[in-house]
Amino acid sequence: MPADKNGDIRMNEAFTRQWDALRDEADHALRRCLPAEDTPPAVIHRAMAYSVFAGGKRLRAVLFLAVADALGWRHPERARPAAAIELIHTYSLIHDDLPAMDDDDLRRGKPTSHKVFGEAMAILAGDALLTLAFQLLSRYPDDRGYVARRLAVIEEVARAAGTPAGMVAGQVLDITAPGQATGPDRLHEIHRLKTGAMIRVSVRAAALLAGADERTLARLSEYSEALGLAFQITDDILDETASPQALGKTPGKDRQQGKLTFPRLYGLEQSRNLAGRTVADGLAALDALGGAVDTAFLADIARFVLARGH
Ligand code: GRG
């Protein structure tokens, strides 16, 4: 099953098998693209590998590869850009855990990077992962015919990871918001940027590289936006309801830090309802693609995200 830390979720066997196959494809690419741990200066390469292989569901890479499959795009190097997106995600977690940000000791059930390697090395490991990600995106797929598509993907990924329209902007709003942010608009904006943008670009990057037409791209974008929102709602719910073992990180931090969250704004039950409605929107966007695209697994991913919060 997907390596979610909430071991009580049971999706059907075919879903689990497909997820694991795509996660293995991404892991294989990740292993090939990271410098060997004994490459000097070894400490940074150990720190990079420590966080990348600390576990994790690989949701973003699986999404990328699932979209590629749905569109029939089976280029042999397709897992490299998927891996690049996971590297950016891992960098964001390392930096998010730093004392200057969330100050967390536990991530993916293991001590955080700065606890093991010290703050300076954790910062540098994050920097190096982000940089390596763009190196990979600029190179793969390594065929001349992909130059324009690669450029479009680099631009979109940079936008999604950065500011003002991406993850860095969302993180800034999140850490400066406590005490100021009170309303649903602000909450949605934070999460659209902080979590949603990277999930959206995981879907769009695969579609762009696969050469999807505008209509397909638009429907897949709607799906990814719904998925990103549902993912964040369930993440907020789990922060309130899950045990540290199930969560792989310290629960209750959001409340402790006075953060605006979906359960805080709407209560747990309403948050679950909102996640359900949001996933329904995502499924409708997939349906609108019609029979030409095999969206069954993408739909199951959306159901999986919803199941995490129940
Ligand atoms: C430091 C620029 C910068 C940004 C940090 C990603 C992020 C922004 C913060 C992480 C804090 C957090 C708990 C966000 C909620 C959603 C989220 C990204 C959860 C972690 O992603 P998963 O569940 O993690 O996909 P795994 O471990 O499975 O990869």
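List, in order, the whole-Hz ³J(HN,Hα) value for each residue of the stretch 269-279 obtained from phi through the Karplus relation with A = 6.51, B = -1.76, C = 1.60 and θ = phi - 60°; use x for Gly and Pro.
Couplings: 5, 5, 5, 4, 5, 4, 4, x, 5, 5, 5 Hz.
Please report, to one decimal in angstroms, the Kirkwood hydrodynamic radius of the chain built from all distinct Cα-Cα pairs. Intermediate results must be reported in sequence, preceding the final value.
Working: mean 1/r = 0.0512 Å⁻¹.
One decimal place: 19.5 Å for the Kirkwood radius.
May I ask you to rank 250, 195 by accessible area, largest first, using a 1.4 Å probe over the protein chains only?
Ranked from most to least accessible, the order is 250, 195.
Just to check I understand the Karplus step: with θ = phi - 60° and J = 6.51 cos²θ - 1.76 cosθ + 1.60, what whole-Hz values come out for the stretch 140-147, glycine and proline as x?
Each residue of the stretch 140-147 in turn: 10, x, 7, 10, 4, x, 9, 4 Hz.
Kindly write out, for the stretch 81-89 in residue order, the coupling ³J(HN,Hα) from the Karplus curve 6.51 cos²θ - 1.76 cosθ + 1.60 (θ = phi - 60°), rounded to whole Hz, with x marking Gly and Pro.
x, 4, 4, 4, 5, 5, 5, 5, 4
Calculate, for the chain, the solvent-accessible area per residue in square angstrom, rolling a 1.4 angstrom probe over the heavy atoms of the protein chains.
Per residue, the chain has 42 Å² of solvent-accessible surface.
So if each residue of separation counts as 0.36 nm, and I subtract the Cα-Cα distance between residue 185 and residue 155, what length gain in nm does that give?
Extending this stretch completely gives an extra 8.1 nm.
Using only the heavy atoms of the protein chains and a 1.4 Å probe, how would 223, 146 rank by accessible area, largest first?
Ranked from most to least accessible, the order is 146, 223.
When only C-alpha pairs under 8 Å and at least 6 residues apart count, what is the relative contact order of the chain, in percent? Intermediate values should be presented prior to the final figure.
Values: 447 pairs, mean separation 59.0, N = 310.
With pairs under 8 Å counted, the relative contact order is 19 percent.
Quick check: Cα centre of the stretch 110-177 to Cα centre of the stretch 37-84, how many Å?
Between the Cα centres of the stretch 110-177 and the stretch 37-84 lies a distance of 12 Å.
Using amide H atoms built in the peptide plane, which far-off residues or other-chain residues are under 5 Å from residue 110 H to H?
Residues meeting the amide H criterion: none.
Just the number, please: carbon plus sulfur as a percent of the accessible area of the chain, 1.4 Å probe, no ligands or DNA/RNA counted.
Ligands and nucleic acids excluded, carbon and sulfur give 52 percent.
Rounded to the nearest 10 Å², what accessible area does residue 22 have for a 1.4 Å probe in the complete protein model?
Probe radius 1.4 Å; accessible area of residue 22 about 10 Å².
The values are calculated or read from the model by the stated rules, or taken from the named source; none is laboratory data. In this text the structure is predicted, and so the values were computed from the model without any measurement. Remember, those area values only see protein heavy atoms, side chains included, never the ligands or the DNA or RNA. Shrake-Rupley method; radii C 1.70, N 1.55, O 1.52, S 1.80 Å.
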